[in-house]
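Novice: What follows is a single structure, and I will ask about it in a moment.
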Amino acid sequence: IAAMLKCVMSGSQVKVFGKAIQALSRISDELWLDPSEKGLALRSVNSCRSAYGYVLFSPVFFQHYQWSTSVKMNDTDMMLNLNCRLGMKSILPIFRCLNSLEKNVEKCKIFTRSDKCKVVIQFFCRHGIKKIHNVCFQESQPLQVIFQKNMCANTLVIKPRVLTEALVLFTSSQEEVTLAVTPLKVCIKSSNEESMDLTNSVYSEMFVGPDEFDFFQVGIDTEITFCFKELKGVLTFSEAIRAPIAIHFDFPGKPMALSIDDMLLEANFILATLADEPSRASSLQTLCLSQKQKRSEPIHSNSKAGKNVTSKVPEYISRKVEPKRLYSNETPTNISTLENCGSPLMKRVNGDISEVPESSVSDTEEVPGSPSLRKFSCMFFGAVSSDQQEPFSLPFQSLATASDSEEDMNNGSFSTF
Amino acid sequence: MKFRAKIVDTACLNHFTRVSSMIAKLAKTCTLRISPDKLNFVLSDKVANGGVSMWCELEQENFFSEFQMEGVSAENNEIYLELTSENLSRALKTAQNARTLKIKLTNKHFPCLTVSIELQLSVSSSSRVVTHDIPVKVIPRKLWKDLQEPTIPDADVSIYLPVLKTMKSVVEKMKNISNHLIIEANLNGELNLKIETELVCVTTHFKDLGNPPLASENASQDRNSEQMAEVHIDIRKLLQFLAGQQVNPTKATCIS
């Protein structure tokens, strides 16, 4: 029996669904469809692993929602989810003119099965017109991120319009924006780094008073810098569904979360933030792994509970996590740690670092350091299944780790997206 | 050197924004000259084969409710700043519904024009402050002579232009056929825009345009009012000028 998904939406629901896809397209060129009993999740992660998006449509969002896992009748008797990854280039054009879709589409049906290789999207439009799109998918286990957003020291909830007004100030040439908070005020400004180096860029700043927020909690005074483009995508989505947007964050270097909670859907976008000083390496987690599976690999070998996705994982982790290196204040070491993580140094490098060669882990000491390099902390995605206790003791608290898509994280304090 | 100015009137602010957008469309870098009574935007393109120069003058009283400046010295009470035109126009565009706009010359690590905007909040009666620091370069006094008001040469013919939008759409279509445009005008209020290629010749005629009063009497007496004076110009440069026009002029004069 194959894993399957079948759902039906009305025209206006299609518009919201399409807006979610558009927001996720700002993050990456690939989209996972991940159904579960919680609903249909859309996930995407960017190639440098510094941004992750997740939109979960609850079953009641749809007119009809049906899904199932497949059951493999072999020795492991595993339940396998639909591991469906689509290219944005294929799916985005289908949901392009959302206003006209909303007007013309009476019903939309999305159907797929893991043993077929395509997702079928049918639009039943007015005047008896029926449009059918077949989109091929690749089998790939989706990544998940565990992020304790409720444990963040700072939480701001605001109507998207205010942030949109702020973003108008910044030119598209500036990639990053800095959010600085104190209990008394919030400042959104151009990232300092850029204006120092280039004497031609305009530095802009804007203050927002605590009373403009729907919820305002600032536990620690902090300034975080993150990518602008991803924020814009989330804002557009939140404006479309007219829901306020919540920002959860702590100190620079630790990822931040942008989330939207509506009765029918839940969206979370986890973005990396610029680390302050090289010595802040303690906030950098190093479990930067890919879960990409090749189609040829048999599915069951990677989904077994108690076993990691790839046999490389344990080695990778244990080599990386050497407390001495991570806590070292020496810049060279930190750079190398980051390089091994594949996180972009200074500028965003969109290389696909999904497979970090093992050899790169070992050459660490001689990397020439540059003073005060600012780097993005990288997100960590790895396969961690419930059975596995951390075999290596991580000296620092894991802030966001990945799990595979089964219900393996039963630790209550973690929220899995 | 000091400079601070404030705009409180929405119409003045919009007009100023449009002037700055027009400048931004014409050239990447421009010079801003600040003197006690005026603000000038100067572009001087010293390209060998015909560049575009521009001199734009604004009476500061028409725009600013407050205006204070102190030039380089008492004898040279002026400030010349070089800046990227787009930076200013973009900053001004964010001030669409502003209550007040303040501009001042500051020095934050390097000289800047700081534009400070007080925006009315849509929800409450309170306001929000937005600032932009635009980096500028102070132009030394020895270079000022190149940035003076150009003298308009004695002309054979001066004529009022037709509605610029019409002219722009005509010239835009012509651009696809030829790189050079011939402008002909006479003292009878007639203007022709002409392109000539091997295969085709296209002319658009404008009549009854009117001519401004002539500067020098001598030239007019000798001239047959029907006789056309003509110039050849680069179409793209003309289009750049026409496309940039955002400020609706009461009169646009073409002199050749």
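Novice: Counting only residues that are exposed (fewer than 12 other Cβ atoms within 10 Å of the Cβ), part of a loop (DSSP other than H, G, I, E, B) and of a type outside the set (Asp, Glu), how many does segment B:180-209 have?
Specialist: Residues flagged as exposed (fewer than 12 other Cβ atoms within 10 Å of the Cβ), part of a loop (DSSP other than H, G, I, E, B) and of a type outside the set (Asp, Glu) within segment B:180-209 amount to 4.
Novice: Here's another thing I want to ask about it. Just to be sure, is A:PHE207 within 14 Å of chain B (Cβ to nearest Cβ), among the hydrophobic types (A, V, I, L, M, F, W, C) and surrounded by fewer than 22 Cβ atoms within 10 Å (Cβ to Cβ)?
Specialist: Values: within 14 Å of chain B (Cβ to nearest Cβ): yes; among the hydrophobic types (A, V, I, L, M, F, W, C): yes; surrounded by fewer than 22 Cβ atoms within 10 Å (Cβ to Cβ): yes.
It is true that A:PHE207 is within 14 Å of chain B (Cβ to nearest Cβ), among the hydrophobic types (A, V, I, L, M, F, W, C) and surrounded by fewer than 22 Cβ atoms within 10 Å (Cβ to Cβ).
Novice: OK, next. Do any strands (runs of 3 or more DSSP E) lying entirely in segment A:211-255 carry at least 3 residues that are open to solvent by 40 Å² or more (accessible area, probe 1.4 Å) and away from chain B (no Cβ under 14 Å), and which ones are they? Write out each step before concluding.
Specialist: Numbers: elements: A:215-218, A:222-227, A:245-249.
Output list reads A:215-218.
Novice: Please find, among B:LYS104, B:LYS142, B:LYS168, B:LYS173, the residue that is in a strand (DSSP E or B), open to solvent by 20 Å² or more (accessible area, probe 1.4 Å), more than 23 Å from A:VAL186 (Cβ to Cβ) and more than 10 Å from chain A (Cβ to nearest Cβ).
Specialist: Details: B:LYS142 fails: in a strand (DSSP E or B); B:LYS168 fails: in a strand (DSSP E or B); B:LYS173 fails: in a strand (DSSP E or B).
Answer to the check: B:LYS104.
Novice: Sticking with this structure for a sec: Kindly indicate whether A:GLU297 is open to solvent by 60 Å² or more (accessible area, probe 1.4 Å), over 15 Å from the mean Cα position of the chain (by Cα) and at pLDDT below 80. It would help to see each step written out before you state the result.
Specialist: On the way: open to solvent by 60 Å² or more (accessible area, probe 1.4 Å): yes; over 15 Å from the mean Cα position of the chain (by Cα): yes; at pLDDT below 80: yes.
The answer is yes for A:GLU297.
Novice: Counting only residues that are over 17 Å from A:MET88 (Cα atoms) and in a strand (DSSP E or B), how many does segment A:135-161 have?
Specialist: Taking segment A:135-161 as the starting set, the residues that turn out to be over 17 Å from A:MET88 (Cα atoms) are A:144-161.
This time we only want the ones that are in a strand (DSSP E or B), so: A:146, A:154-158.
So the answer is 6.
Novice: Of A:PHE111, A:PHE137, A:PHE170, which residue is open to solvent by 70 Å² or more (accessible area, probe 1.4 Å) and either among the aliphatic types (A, V, I, L, M) or in contact (Cβ under 8 Å) with a residue 24 or more places away in the chain (or both)?
Specialist: On the way: A:PHE137 fails: open to solvent by 70 Å² or more (accessible area, probe 1.4 Å); A:PHE170 fails: open to solvent by 70 Å² or more (accessible area, probe 1.4 Å).
Going through A:PHE111, A:PHE137, A:PHE170 in turn, just one is open to solvent by 70 Å² or more (accessible area, probe 1.4 Å) and either among the aliphatic types (A, V, I, L, M) or in contact (Cβ under 8 Å) with a residue 24 or more places away in the chain (or both): A:PHE111.
Novice: Hey, can you tell me all the residues within segment A:130-158 that are more than 30 Å from A:GLU212 (Cα to Cα) and small (Gly, Ala, Ser)? Spell out how you get there, then give the answer.
Specialist: If we filter segment A:130-158 for residues that are more than 30 Å from A:GLU212 (Cα to Cα), which is where we start, we get A:130-145.
Passing the criteria: only A:SER140.
Novice: Select from segment A:29-68 the residues that are buried (at least 24 other Cβ atoms within 10 Å of the Cβ), touching a helix residue (DSSP H, G or I) at 6+ places or on another chain (Cβ under 8 Å) and among the small types (Gly, Ala, Ser) and list them in ascending order.
Specialist: A:SER44, A:ALA51, A:GLY53
Novice: Return the residue satisfying two criteria in turn: it lies in segment A:119-134 and is open to solvent by 80 Å² or more (accessible area, probe 1.4 Å) and in a strand (DSSP E or B), and of such residues it is nearest to A:ILE91 (Cα to Cα). Write out each step before concluding.
Specialist: Initial filter on segment A:119-134 (open to solvent by 80 Å² or more (accessible area, probe 1.4 Å)): A:126-127, A:129-132, A:134.
Then drop every residue that is not in a strand (DSSP E or B), which leaves A:130-132, A:134.
Details: A:LYS130: 18, A:LYS131: 14, A:ILE132: 12, A:ASN134: 10 Å.
Restricting to residues being open to solvent by 80 Å² or more (accessible area, probe 1.4 Å) and in a strand (DSSP E or B), the top hit is A:ASN134.
Novice: Another one. Are any residues in segment B:18-36 open to solvent by 20 Å² or more (accessible area, probe 1.4 Å) and not hydrophobic (A, V, I, L, M, F, W, C), and if so, which ones?
Specialist: Correct list: B:ARG18, B:LYS25, B:LYS28, B:THR29, B:ARG33, B:PRO36.
Novice: Here's something else I'd like to know. For segment B:65-96, give me the residue count where each residue is within 24 Å of A:SER201 (Cα to Cα) and open to solvent by 40 Å² or more (accessible area, probe 1.4 Å). Break it down into steps so the answer makes sense when it comes.
Specialist: Within segment B:65-96, the subset within 24 Å of A:SER201 (Cα to Cα) is B:79-96.
Of the ones still in play, those that are also open to solvent by 40 Å² or more (accessible area, probe 1.4 Å) are B:82, B:86, B:90, B:93, B:96.
Total meeting the criteria: 5.
Novice: Now for a separate question. Restricting attention to segment B:107-139, report how many residues are on the phi < 0 side of the Ramachandran plot, at the interface with chain A (Cβ under 10 Å from one of its Cβ atoms) and not in a strand (DSSP E or B).
Specialist: Count: 6.
The values are calculated or read from the model by the stated rules, or taken from the named source; none is laboratory data. Everything numeric in this text was worked out from a predicted model, so none of it was measured. All Cβ positions, glycine included, derive from the backbone under ideal geometry; neighbour counts span all protein chains shown. Note: areas computed on protein heavy atoms with side chains; ligands, DNA, RNA excluded. Shrake-Rupley method; radii C 1.70, N 1.55, O 1.52, S 1.80 Å.
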